[in-house]
1. Those residues that are over 17 Å from Val123 (Cα atoms) and either assigned to a helix (DSSP H, G or I) or aliphatic (A, V, I, L, M) (or both), I need them from region 23-59; list them, please.
2. Go through the residues of region 280-294 one by one and say whether even a single one is more than 26 Å from Val235 (Cβ to Cβ), acidic (Asp, Glu), at pLDDT 95 or above and exposed (fewer than 14 other Cβ atoms within 10 Å of the Cβ).
3. Is it the case that some residue within region 74-96 is at pLDDT below 95, within 30 Å of Pro251 (Cβ to Cβ) and assigned to a loop (DSSP other than H, G, I, E, B)?
4. Checking the conditions here, which among Glu91, Glu68 is in contact with a Phe, Trp or Tyr (Cβ under 7 Å, 6 or more places away or on another chain) and either aliphatic (A, V, I, L, M) or open to solvent by 10 Å² or more (accessible area, probe 1.4 Å) (or both)?
5. Could you identify the single residue in Val184, Val192 that is free of Cβ contacts under 8 Å to residues at least 60 places away in the same chain and either within 28 Å of Val123 (Cβ to Cβ) or in contact with an Asp or Glu (Cβ under 9 Å, 6 or more places away or on another chain) (or both)?
6. Of all residues in region 219-245, how many are surrounded by fewer than 16 Cβ atoms within 10 Å (Cβ to Cβ) and modelled with pLDDT under 90?
7. Need pairs with beta-carbon distance below 6 Å; first residue more than 17 Å from Val119 (Cβ to Cβ) and within region 154-165, second of a type in the set (D, E, K, R) and crowded, with 24+ Cβ neighbours inside 10 Å; sequence gap 6+ or separate chains.
8. May I ask you to say which residue of Gln311, Gln297 is surrounded by 12 or more Cβ atoms within 10 Å (Cβ to Cβ) and touching a Ser or Thr at 6+ places or on another chain (Cβ under 8 Å)?
Amino acid sequence: MKIAFVGKGGSGKTTLSSLFIRHLAADGAPVVAVDADINQHLGAALGLDESEAAALPAMGEHLRLIKEYLRGGNPRIASADTMIKTTPPGEGSRLLRVQEDNPVYDACARPVRLDAGTVRLMVTGPFTDADLGVACYHSKTGAVELCLNHLVDGPGEYVVVDMTAGSDSFASGMFTRFDMTFLVAEPTRKGVSVYRQYKEYARDFGVALKVVGNKVQGPDDLDFLRAEVGDDLLVTVGHSDWVRAMEKGCPPRFAALEESNRLALRTLREAADATYGRRDWERYTRQMVHFHLKNAQSWGNERTGADLAAQVDPGFVLGESVTAGA
């Protein structure tokens, strides 16, 4: 299952995504965790110290390797130079799977050992001084989008992405790449404003969206969220001594997380797992192509000097039964 955590800055989405990742790992589930947020805090939330987090390889720095590997023997893609973030797979493309070893994981993923299980962690890399005035952060998250376009996951496998804050996720088609999107919202007007934006933008694309209320301190907060988001409110999370200890760098074992919060994490997993039966790979592929053609027309063709619409394989549908090309 491909799962995104979104929300405004400071809503607690990185903390909740890290708790969800720990929950999955504690149950022995295979997990690929991706930090696609400009602030790059997921590694620290998973227990890495500052030097370990800084040493994580940035996906953007290995973009050529990613493109060359995924291109495989696809005859519609002349070279890696003509691949952009939305390039869809076709006959001959190589695909990524959660439980495998491949050059992309070798270069970009690192194992993170938790107190109950190990996960693969990938990061886009931080926005640096060298990027100021000459680059957009979405050029870095393009590596994530390209990988998601070529990723095939099955039941009981999880890819968890900590997304950019606010509505920045809509600067690309990546918001349609997930089986479930959890929007973390505080019980404030600003907290629910991002929900309204996300709900409106995602309406035409069949995005499965559920709200996780965070920092809920009492009945008034709960009533406010229920009134503002209605049936999209899935679960709420309150104060956690375990999280406070984690933020100080000395978390107890994950089994000591408060029972109410453990129950909330189980609810998130059940909601994500329930989307598996509703998967529509044809729609998924169609949306992939839709955003690729939009990007090709608006900037991709000019940037690469190629007709990127010709990269679309009209007979190809991504799915679990598809065999990767050589």
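1. Correct list: His23, Leu24, Ala25, Ala26, Ala29.
2. Yes, there is a match, as at least one residue in region 280-294 is more than 26 Å from Val235 (Cβ to Cβ), acidic (Asp, Glu), at pLDDT 95 or above and exposed (fewer than 14 other Cβ atoms within 10 Å of the Cβ).
3. So far as region 74-96 goes, no, none of its residues is at pLDDT below 95, within 30 Å of Pro251 (Cβ to Cβ) and assigned to a loop (DSSP other than H, G, I, E, B).
4. Result: Glu91 is the single residue among Glu91, Glu68 that is in contact with a Phe, Trp or Tyr (Cβ under 7 Å, 6 or more places away or on another chain) and either aliphatic (A, V, I, L, M) or open to solvent by 10 Å² or more (accessible area, probe 1.4 Å) (or both).
5. On inspection, the qualifying residue turns out to be Val192.
6. The qualifying residues number 1.
7. Thr164/Asp37
8. It is Gln311.
The values are calculated or read from the model by the stated rules, or taken from the named source; none is laboratory data. Remember, predicted model here, so these are calculated numbers, not experimental data. Ideal geometry is used to build each Cβ from the backbone, glycine not excepted, and the neighbour counts take in all protein chains shown. The area values use the complete protein model at the heavy-atom level, side chains included, leaving out ligands, DNA and RNA. Shrake-Rupley method; radii C 1.70, N 1.55, O 1.52, S 1.80 Å.
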